Amino acid sequence: MEQFEFHPATSHPFRTWVQIEPNIYEMLLNSDPSTGRRTLLQKHEPGSLNAKESLHDYIEEIYIVEGDLRDVPRGETYAKGYYAYRKPGMVHGPFASEGGCLMFITCTPAGEGK
């Protein structure tokens, strides 16, 4: 991971919003390619729906900064201030957002943060 002092996140030339699914975007804030560790923002526009379940081999932590996120299979809606910690192999999603959502996400390789 690179060391940064406070600065506008989008001032770095490679930090831009990238569409990962229809109406869902990510901005990579920092990463370590040698370990796979990443810190990012994810933005769901109003009416977004990611189309499938997710499963990954890293630890994922998510904090909802603003908006709403609905767990479609569970029928539960989460709002600003909700937090999730997912171990590798945890199936989750799909998710929808009625009013839009902004999340802060960290991805940690499984061996680093048991």
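The values are calculated or read from the model by the stated rules, or taken from the named source; none is laboratory data. The shown structure was predicted, so the numbers you read here are calculated from the model rather than taken from an experiment. We place every Cβ from the backbone using ideal geometry, glycine too, and count neighbours over all the protein chains shown. Side chains are part of the model used for accessible areas, which takes the heavy atoms of the whole protein and leaves out ligands, DNA and RNA. Shrake-Rupley method; radii C 1.70, N 1.55, O 1.52, S 1.80 Å.
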Q. Tell me, which strands (runs of 3 or more DSSP E) lie completely within the stretch 1-85 with 1 or more residues that are touching a Phe, Trp or Tyr at 6+ places or on another chain (Cβ under 8 Å) and open to solvent by less than 40 Å² (accessible area, probe 1.4 Å)?
A. 24-32, 37-44, 58-71
Q: Taking only the stretch 89-114 into account, find how many residues are at pLDDT 95 or above and more than 15 Å from the chain's Cα centre (by Cα).
A: 2
Q: List the number of the failed condition for Ala96; all other conditions in (1) open to solvent by less than 80 Å² (accessible area, probe 1.4 Å); (2) outside any strand (DSSP E or B) hold.
A: (2)
Q. Does Gly89 qualify as being out of contact with any Lys or Arg (no Cβ under 7 Å at 6 or more places or on another chain), open to solvent by 60 Å² or more (accessible area, probe 1.4 Å) and either outside any strand (DSSP E or B) or of a type outside the set (S, T, N, Q) (or both)?
A. no
